[in-house]
Amino acid sequence: MNIEQLKSDLIEYAKSIGVDKIGFTTASPFEEMKNRLIRQQALNYQSGFEERDVEKRTDPKKLLPEGESIIAIALAYPSKMKNPPAGKKGERRGIFARASWGLDYHVAVKERLDLMEQWLRERVPDVSVKSMVDTGELVDRAVAERAGIGWSGKNCSIITPEFGSYVYLGEMITNIPFPPDAPIENECGDCRLCLDICPTGALVEAGRLNSKRCIAFLTQTKDYLPDEFRREIGNRVYGCDTCQTVCPKNKGKANWIHEEFMPVPELAKPLLVPLLNLSNKEFKRKFGTMAGSWRGKKPIQRNAILALAHFKEQSAVPELIELLKNDERPVIRGTSAWALGVIGGEQAKEALLEALQQEKDEEVLREIGKGLELLGRG
């Protein structure tokens, strides 16, 4: 078997199925990443969504003992929306992060990896492979960096010369000893825009993220949002792009390449008030194909309430009062109480005072107290 030729042919095939970048590296352990992850755990900076076993995250042979190399791929996604709908008073809109526009990337990237697996099996019958996208054990960023897809930016994203950091990553461990590609030079230089502009200070230093402070993580949690972050969410209902939108390497990278990733404007920038009363069935029908739907409707609805508070949207007060009175979920009732306090007005005050007499949940009662305190300050 001519491995150099196989590699060349695979690169051509990958491009033909919509893979925008492909790189190869060895299946040797990622020692530097291992040390970083151990440090992350010691600092309690992990989100909790990751694989906890550091060995599995950094040693490909723990996942495929006969592994010899790793194939890394990247698919570019859009950074700009054509004809974005504008929010206005009475019709406020939220925003999903760009990585959740269009079809769920887990599906799209996995489809490409599956096709590549099939292609390899047809040519190398005894091939062994293990593919993964985002939720797999390996750290996608470490694989992509070593395989020459891009460099690891100070904002903890892989930055490619062609598409900026707007790329989805995936990888495949294989027992075929493909020749590795060289990593590319880090071009961040002295720039620290992403570090300086992070709304919550989650980027504690170049290349180190405190996930628990990251808005992208916070918007995916299901409990009450800690008070210090509530006003930083803005109108984000899922994810955060701030550290990408300020990056000079992303300037001019629209990446209108794959039709499946092009956003449906009314879904990517949805009206906030209609989000509040969606049933599970309606939510799945409307948003189910987007990556941002994976945690269900509750975090999206909580974030929509916070966004309405951000806008001080008076027209939403009746809907928020309805949630405060009748929603079965304490987090939604409590967040609505806080939002009513931020928005203010006599109607909000009356509703909070009434809820204070009727509510039984202690945490919701605390949120009602916060709302009344905010009204008092107003």
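Any read-out appearing in this document is the output of simple, stated calculations on the displayed coordinates, not a laboratory observation. In this text the structure is predicted, and so the values were computed from the model without any measurement. So basically every Cβ, Gly included, is an ideal-geometry build from the backbone, and we count neighbours across all protein chains shown.
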Next item on the list: Kindly provide the set of residues from the stretch 138-153 that are in a helix (DSSP H, G or I) and over 12 Å from ILE70 (Cβ atoms), ordered by number.
Entry: ARG141
Checklist line | Set ALA304, ALA355, ALA316: member being within 20 Å of ASP227 (Cα to Cα), in contact with a helix residue (DSSP H, G or I) (Cβ under 7 Å, 6 or more places away or on another chain) and part of a helix (DSSP H, G or I) | finding: ALA304
Notebook entry, point to check: Being charged (D, E, K, R), touching a Leu at 6+ places or on another chain (Cβ under 7 Å) and within 30 Å of GLN40 (Cα to Cα), is that true of even one residue in the stretch 95-115?
Noted result: no
Margin query: Criterion first (among the small types (Gly, Ala, Ser) and part of a loop (DSSP other than H, G, I, E, B)) does GLY23 satisfy it?
Written below: no
Notebook entry, point to check: So ASN255 clears everything in (1) farther than 18 Å from PRO84 by Cα; (2) in a loop (DSSP other than H, G, I, E, B); (3) not hydrophobic (A, V, I, L, M, F, W, C) except one condition, right? Which one?
Noted result: (1)
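Let's see how each residue does on (1) in contact with a strand residue (DSSP E or B) (Cβ under 8 Å, 6 or more places away or on another chain); (2) on the phi < 0 side of the Ramachandran plot; (3) buried (at least 20 other Cβ atoms within 10 Å of the Cβ):
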position: ILE176; (1), (2), (3): yes, yes, yes
position: PRO183; (1), (2), (3): yes, yes, no
position: ASN186; (1), (2), (3): yes, yes, no
position: ARG192; (1), (2), (3): no, yes, no
position: SER211; (1), (2), (3): no, yes, no
position: CYS243; (1), (2), (3): yes, yes, yes
position: GLY252; (1), (2), (3): no, no, no
position: GLU266; (1), (2), (3): no, yes, no
position: LEU272; (1), (2), (3): yes, yes, yes
Margin query: Restricting to the stretch 11-39, count the residues that are surrounded by 18 or more Cβ atoms within 10 Å (Cβ to Cβ) and in contact with a Ser or Thr (Cβ under 8 Å, 6 or more places away or on another chain).
Written below: 7
Next item on the list: Please enumerate the residues belonging to the stretch 193-233 that are assigned to a helix (DSSP H, G or I) and either more than 25 Å from MET290 (Cα to Cα) or touching a helix residue (DSSP H, G or I) at 6+ places or on another chain (Cβ under 7 Å) (or both).
Entry: LEU193, CYS194, LEU195, ASP196, ILE197, SER211, PHE217, LEU218, ASP227, GLU228, PHE229, ARG230
Check: Hey, does the stretch 353-372 have a residue that's of a type in the set (Lys, Arg), surrounded by 19 or more Cβ atoms within 10 Å (Cβ to Cβ), touching a residue at least 24 places away in the same chain (Cβ under 8 Å) and on the phi < 0 side of the Ramachandran plot?
Finding: no
Checklist line | Count of residues meeting criterion [in a helix (DSSP H, G or I), in contact with a helix residue (DSSP H, G or I) (Cβ under 6 Å, 6 or more places away or on another chain) and surrounded by fewer than 20 Cβ atoms within 10 Å (Cβ to Cβ)] in the stretch 86-137 | finding: 1
Margin query: I'm trying to understand the selection: among the residues of the stretch 261-292, which are among the aromatic types (Phe, Trp, Tyr) and touching a residue at least 24 places away in the same chain (Cβ under 8 Å)?
Written below: PHE261
Check: Assuming ARG295 fulfils every condition listed in (1) outside any loop (DSSP other than H, G, I, E, B); (2) in contact (Cβ under 8 Å) with a residue 12 or more places away in the chain apart from one, which condition is it?
Finding: (1)
